[in-house]
1. Please go through region 106-123 and give me each residue that is on the phi < 0 side of the Ramachandran plot and surrounded by fewer than 14 Cβ atoms within 10 Å (Cβ to Cβ), ordered by number.
2. Would you point out the residue of region 206-222, among those that are assigned to a helix (DSSP H, G or I) and of a type in the set (D, E, K, R), that is modelled with the lowest pLDDT?
3. Using the structure shown, decide if Val255 is out of contact with any Phe, Trp or Tyr (no Cβ under 8 Å at 6 or more places or on another chain), β-branched (Val, Ile, Thr), at pLDDT below 95 and open to solvent by less than 60 Å² (accessible area, probe 1.4 Å).
4. On the basis of being at pLDDT 50 or above and farther than 25 Å from Val64 by Cα, does Pro183 make the cut?
5. Which count do you get for residues in region 121-148 that are closer than 14 Å to Cys55 by Cα and either of a type in the set (Gly, Ala, Ser) or free of Cβ contacts under 8 Å to residues at least 24 places away in the same chain (or both)?
6. Can you tell me which residue within region 46-77, out of those that are assigned to a loop (DSSP other than H, G, I, E, B) and either aromatic (Phe, Trp, Tyr) or closer than 18 Å to Arg227 by Cβ (or both), is least open to solvent (accessible area, probe 1.4 Å)?
7. I need the helices (runs of 4 or more DSSP H) fully contained in region 80-169, keeping only those with at least 2 residues that are closer than 19 Å to Leu68 by Cβ.
8. Limited to region 223-258, what total is found for residues that are free of Cβ contacts under 8 Å to residues at least 60 places away in the same chain and assigned to a strand (DSSP E or B)?
Amino acid sequence: MQYRHAPAANHAALDAVLASAPGRPTLPVRLTVELAGRARAHLPADAPLTVWDPCCGAGVTLTVLGLLVPGLARLVGTDADPEPLDLARRNLALLDPGGLTARAADLDALAARHDKPSYADAATAARTLVPAGTPAWSVAPADARDTAAVRSALAGADRYGTGPDLVLADLPHGHRTTWATSPPRPGAADTPAPDAGRVRAAGPARAAADDQDPGVEFLRAVATVLRPDAVVVAVGRGRTVPLPGGARPLDRVRVGHRAAVLVRAGALREG
């Protein structure tokens, strides 16, 4: 993939400052910024954006956007699993006035307590980071397929009441692909992520298979709470991210073992 919106940079300092949840992979910083830039090209220029991550986990994606992408008005994180949301709040608090200073002080204390230079280096990194903006943020537990819970979490997410402009979601995959409002598929815990290296059917057979994909169900559910012109960016493992039959993507990209698709919310509802 050719990067058009995220120049090459060493983001090791940012990685050291952010808190991550064990066993929960996060998107690379550069890919996160690139996908946001590509999505922005399909949204009104210079309009302050509301971004929703429906699989926010520890909030790393949203925090990276808040630190590195200007023009964001609000960041909203939800997750079906409430366990990592305290980490999400801790990461997003870095965007608040004094948030990075407080994080640097915490890292200094850890460096003194454990005599680890890595903590001292991370403290220095926290002091050198300058957020690209000061977006408001909120985090709440909500399964993306529970429309009532999602609407409650998104309430007041923007001053015009029109909902998020952009969704950026790293889709659950492999043994983490579970859906709270539907029973797990037999053997799902032991099967690879959808489209992870398997041979795919073509034509109508492929469209029918994609419509049964749990990721497609997830995207359809997300689209129900969005206005039609909102842009959804979905990232998955494998060669491609399936869409509902007939849904036309705005863009598709692939980097290493990850694939991403950009699509209008209206297309997800119509597909």
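The values are calculated or read from the model by the stated rules, or taken from the named source; none is laboratory data. Every value quoted in this text rests on a predicted model; they were computed, and no experiment measured them. In this analysis, Cβ positions are derived from the backbone assuming ideal geometry, glycine residues included, and neighbour counts consider all displayed protein chains. The area values use the complete protein model at the heavy-atom level, side chains included, leaving out ligands, DNA and RNA. Shrake-Rupley method; radii C 1.70, N 1.55, O 1.52, S 1.80 Å.
1. Ala109, Ala112, Arg113, His114, Lys116, Pro117, Ser118
2. The selected residue is Arg206.
3. Taking the combined requirement at face value, the residue satisfies it.
4. Spelling it out, it is not the case that Pro183 is at pLDDT 50 or above and farther than 25 Å from Val64 by Cα.
5. Qualifying residue count for the region: 4.
6. Pro54
7. 85-92, 99-114, 117-128
8. Looking only at that region, the number is 1.
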